[in-house]
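Visitor: I have a structure I would like to understand better, so I am pasting it below and will then ask my questions one at a time.
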Amino acid sequence: MTTPDPRLSAVRALNRVLPGKGDGESLREVLRDFPLQGADGGLMRDICFGVCRYLRPLNHWLNQQLSKPLKPNAQPVRLALLAGLYELWFSDRPPHAVVNAYPALCRKLKAPWAAGLSNAVLRKATALTFADASQDFPATVRHSLPDWLYKRWQQDWPEHADHLAADNLSAPPFTLRVNRQQHSRQQAIATLDGARPGNLAPYSLYLSPPRPVAQLPGFDNGALSVQDEAAQLPAELLQAPPTGRILDACAAPGGKTGQLREKYPDAELVALELEANRLARVRDNLHRLGTTATLLQGDASQTDWWDGTPFDAILLDAPCSATGILRRQPDVKWHRKASDLPALVDLQARMLDALWPLLTPGGMLVYATCSVLREENDRQVSAFLQRQPQARDVTPRPQGATMVEAGWQLFAQPDGPDGFYLACLRKDG
Ligand SMILES: C[S@@+](CC[C@H](N)C(=O)[O-])C[C@H]1O[C@@H](n2cnc3c(N)ncnc32)[C@H](O)[C@@H]1O
């Protein structure tokens, strides 16, 4: 059996994610269809993430080199050229090996006409660094962001927009959650070379260099889970009685459901999710942790799935723009459109309004998003607080937190948490 060429696989995967015309698929989902292992898998994933991350400046520079534009049906060739540029400017692979790999790749793509072009473009790029090549590009192009998003960040966060933009180009850290039912964080750190504790979430740890989960001791038995540090905060801050009734309202793939189970092993935990196939992933994730919950398929903006018994605590990890995790899911910036936002903001508001009456007086609802857009976050929660006089914002805000109208906005930190928002809302009673 011949081993698949990792560069060819990368171009094929990218062609589904960034098809040139029409909607692309999610990079994470597409990568499931390319189970390359070891160094080949590493090279393929690095190219896919790198091209998505730096798409805009790579394309801009490439277009400047072309005497006539590439035809729309030459998208695989374009992606191959972008992959070559990414490798030359951002990897430590020897430039001659990179330059030599791409003419052959063009032939494998059944585009022998592009072999000479690839050779010429990549050879020219070897004489430059990315900083040289992009120094005169407009800021949005250099930051590799869609115009609408950079503009929105400048409006929402005039002091942080450039930090957010720079951060979207960095590689995310590898962050784990320790299963407190199995061991302490110190014990987990002692078994892992290169582990250090996170500062915000008590069971978080960072592992450098990252490694496949199969190599993590006890992973298959749920001793550790992959989860960003900021994403660990909502479940940590949610307060519920030990044997209370807890709703995880948008549960899939179940990262926070598992965490809630680790924190509240004796609670009655209900996990609600709209999509049946995603609900199956919650089941699988809980299975790995050796636990279960009541799994319901239903719409969190309605109450037709509810049995009438109130919840002591509700976690609403709402669908959102995902603009806080672009370094982790760089394809999202090309798939998300400004026109998606009104529907998301409306859905989040309807979920808050539908779930609030299900909360027992004195109970807590934690609203969370992995967004760094105010209309999904503090403005959303402020508007909710206006509509619900029984709701009080009791979110802890550590020293140095960015002041917002309600809740706690986190920005991504290098080697630290992702961009995230959460608000702890207590129901008077
Ligand atoms: C941000 S993700 C949740 C991540 C999850 N809490 C975790 O930690 O693994 C949002 C989830 O909400 C689901 N969703 C979207 N609309 C929904 C709705 N109307 N009702 C319930 N779930 C919904 C999506 O399918 C997605 O799985």
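The values are calculated or read from the model by the stated rules, or taken from the named source; none is laboratory data. As the structure is a prediction and not an experimental result, all values here were calculated from the model. Cβ: placed from backbone, ideal geometry, glycine included. Neighbour counts: every protein chain shown. For accessibility, only protein heavy atoms count, side chains too; no ligands or nucleic acids. Shrake-Rupley method; radii C 1.70, N 1.55, O 1.52, S 1.80 Å.
For (1) out of contact with any strand residue (DSSP E or B) (no Cβ under 7 Å at 6 or more places or on another chain); (2) open to solvent by less than 70 Å² (accessible area, probe 1.4 Å); (3) in the same structural domain as G50 (by TED's automatic domain parsing), each residue gets a yes or a no:
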{"site": "G116", "(1), (2), (3)": "yes, yes, yes"}
{"site": "L122", "(1), (2), (3)": "yes, yes, yes"}
{"site": "D132", "(1), (2), (3)": "yes, no, yes"}
{"site": "H143", "(1), (2), (3)": "yes, yes, no"}
{"site": "P146", "(1), (2), (3)": "yes, yes, no"}
{"site": "Y150", "(1), (2), (3)": "yes, yes, no"}
{"site": "H160", "(1), (2), (3)": "yes, yes, no"}
{"site": "L169", "(1), (2), (3)": "yes, yes, no"}
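Visitor: Can you name the residue in region 225-269 that is more than 8 Å from the ligand (Cβ to nearest atom) and of a type in the set (D, E) and, of all such residues, is most open to solvent (accessible area, probe 1.4 Å)?
Guide: D266
Visitor: A further question follows. Find the residue count for region 296-320, including only residues that are farther than 29 Å from P242 by Cβ and either near the ligand (Cβ under 9 Å from one of its atoms) or touching a strand residue (DSSP E or B) at 6+ places or on another chain (Cβ under 8 Å) (or both).
Guide: Looking only at that region, the number is 5.
Visitor: Out of the residues in region 331-385 that are under 29 Å from L169 (Cα atoms) and among the polar types (S, T, N, Q), state the one that is nearest to the ligand (Cβ to nearest atom).
Guide: T369
Visitor: Does any residue in region 254-267 that is in a loop (DSSP other than H, G, I, E, B) come within less than 7 Å, Cβ to Cβ, of a residue that is near the ligand (Cβ under 10 Å from one of its atoms) six or more places away or on a different chain, and which pairs are these?
Guide: Partner pairs satisfying both residue conditions: G254/A271; G254/R281; G254/V282; G254/N285.
Visitor: Return the only residue of A401, A318, A368 being modelled with pLDDT under 95, under 20 Å from E236 (Cα atoms), open to solvent by less than 40 Å² (accessible area, probe 1.4 Å) and of a type outside the set (V, I, T).
Guide: A401
Visitor: Something else now. Consider only pairs whose beta carbons are under 8 Å apart and that are at least six residues apart or on different chains; among these, list those whose first residue lies in region 115-128 and is touching a residue at least 24 places away in the same chain (Cβ under 8 Å) and whose second residue is among the small types (G, A, S).
Guide: That search, which allows pairs on different chains as well, returns S118/A80; S118/G84; V121/G84; L122/G84; A125/G84; A125/A133.
Visitor: So for region 302-309 (the condition being open to solvent by less than 40 Å² (accessible area, probe 1.4 Å) and either under 22 Å from C424 (Cβ atoms) or out of contact with any Gly (no Cβ under 7 Å at 6 or more places or on another chain) (or both)), does at least one residue qualify?
Guide: For region 302-309, residues open to solvent by less than 40 Å² (accessible area, probe 1.4 Å) and either under 22 Å from C424 (Cβ atoms) or out of contact with any Gly (no Cβ under 7 Å at 6 or more places or on another chain) (or both): absent.
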